[in-house]
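Written out below as structure tokens is the structure these notes cover.
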Amino acid sequence: MTPSTTTTATAATTPTRHAEVDGTRFTWRELGPRSGVPLVLLHHFTATIDDWDPRVLDGIAAERHVVVVDNRGVGGTRGRVPTTVEAMARDAIAFIRASGWPEVDLLGFSLGGFVAQVIATKEPQLVRRLVLAGTGPAGFKGVGRLNRRLLTDTALAAVTLRDPKPLLFFTRTGPGRYAAAAYMARLGERSGDRVPRTSVRAAARQMLAIARWGAGDPLDLGAIRHPTLVVNGEDDRMLATRGSFELAHRLPDARLVIYPDAGHGGAFQHHDRFVPEVLTFLR
């Protein structure tokens, strides 16, 4: 796998790339200067590389080498979606190793945050720093469970034939609704070279992995010695915000940031704060 040498592309224009890793064709994109430790982004339930906020990608890529990748069976990456977070982590590790990077930083959002925790536990030498957004620890109460608010919001989106992200990621206040609309508009900035949406079957397999994570034994978070930035909104409708507090409490070297009047997608709603905080933390 040969990284591109182009550094002027944006989230809307950077080409979609493909690489064979252990018999599976992975789909990925990269932005920013091709120097220093890459920041690999691991995305949320049902997401593809098209669902990352362009303001987050372009903002971080102004200083850092940013890599977004579809895991097995999602978006442009072939194969069947794993039904455990551990298997998803093995796929991500294989992709990182095949890219030739001896060390990476990880930004895991929601389900991607679960995967990032496993990578840091299983391959600690591969990771330099962690950013965990809108996520929680394994086996923690409320993590990986379908709560009433989640089911209601998802059903409402299905009935009205709308994308559920504005309901699930943002608050219902005036600023929250405005931020949701702005985020969805930004996702449409890339007009071509997009990847397929996640299928219902793939989403069901992801949901099984999430349920197993929530019902499983807790990880030994005390063994994750990496500096970690934990962020969330104050009213996360998908993974209760208290899970972020628990992560920050149990990780030995963690800093917690909670965004006001924000939900699961607080990092997107407050991208103007999130991007500088990530860049400062990674420096």
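Based on DSSP H segments of at least four residues, each scored -39500 (n - 2.57), the chain has a per-residue ellipticity at 222 nm of -11000 deg cm²/dmol. Amide H contacts under 5 Å for residue 131: 106, 107, 108, 229, restricted to partners 5 or more places along the chain or on a different chain, H placed in the peptide plane at 1.01 Å from N. Spread over its residues, the convex hull of the C-alpha atoms of region 154-283 is 151 Å³ per residue. Of the GluC sites (Glu not before Pro) found in region 45-124, the ones in coil according to DSSP and having at most 16 other Cβ atoms within 10 Å of their Cβ are 63, 103. Placing unit charges on the Cβ atoms only, positive for Lys and Arg and negative for Asp and Glu, gives region 66-130 a dipole magnitude near 120 debye about its Cα centre. The residues neighbouring residue 125, those whose beta-carbon lies less than 15 Å from its own, together hold a net charge of +2 under the Lys/Arg +1, Asp/Glu -1 convention. Basic side chains Lys and Arg get +1 at the Cβ, acidic Asp and Glu get -1 at the Cβ, and with that the dipole of the chain about its Cα centre reaches some 540 debye.
Fewest-first ordering of 165, 122 by other beta carbons within 10 Å of each residue's beta carbon gives 122, 165. Restricting to DSSP loop positions (anything but H, G, I, E, B) with no more than 15 other Cβ atoms inside 10 Å of their own Cβ, which trypsin sites (Lys or Arg not before Pro) remain in region 207-245? Filter output for region 207-245: 225. Other residues within the sphere of radius under 13 Å centred on the Cβ of residue 83, judged by their own Cβ, net out at +4 (K and R +1, D and E -1). By the count of neighbouring beta-carbon atoms within 10 Å, fewest first, 99, 199 end up ordered 199, 99. For the chain, modelled as a GNM whose springs connect Cα atoms under 10 angstrom apart, the maximal fluctuation among 48, 228, 24 occurs at 24.
By the scheme Lys and Arg +1, Asp and Glu -1, what is the net charge of all other residues having a beta-carbon under 15 Å from that of residue 273?
Values: positive: 55, 255; negative: 53, 234, 261, 272, 277.
So the environment of residue 273 carries a net charge of -3.
Taking other C-beta atoms within 10 Å as the exposure proxy, 281, 95, 109 rank 281, 95, 109 from fewest upward.
Label region 71-140 by shape, choosing from rounded, prolate and oblate, from the square roots a ≥ b ≥ c of the eigenvalues of the Cα gyration tensor; if a/c is under 1.5 it is rounded, and otherwise prolate applies when a/b is larger than b/c, oblate when it is not.
It is oblate, given that a/c is not under 1.5 and a/b is not larger than b/c.
With N counted as the residues of region 24-105, its alpha-carbon radius of gyration over 2.2 N^0.38 Å works out to 1.06.
Bear in mind these aren't lab numbers, they're just calculated from the coordinates by the rules spelled out. Every value quoted in this text rests on a predicted model; they were computed, and no experiment measured them. Heads up, the Cβs are rebuilt from the backbone with ideal geometry, glycines too, and the neighbour counts pull from every protein chain shown.
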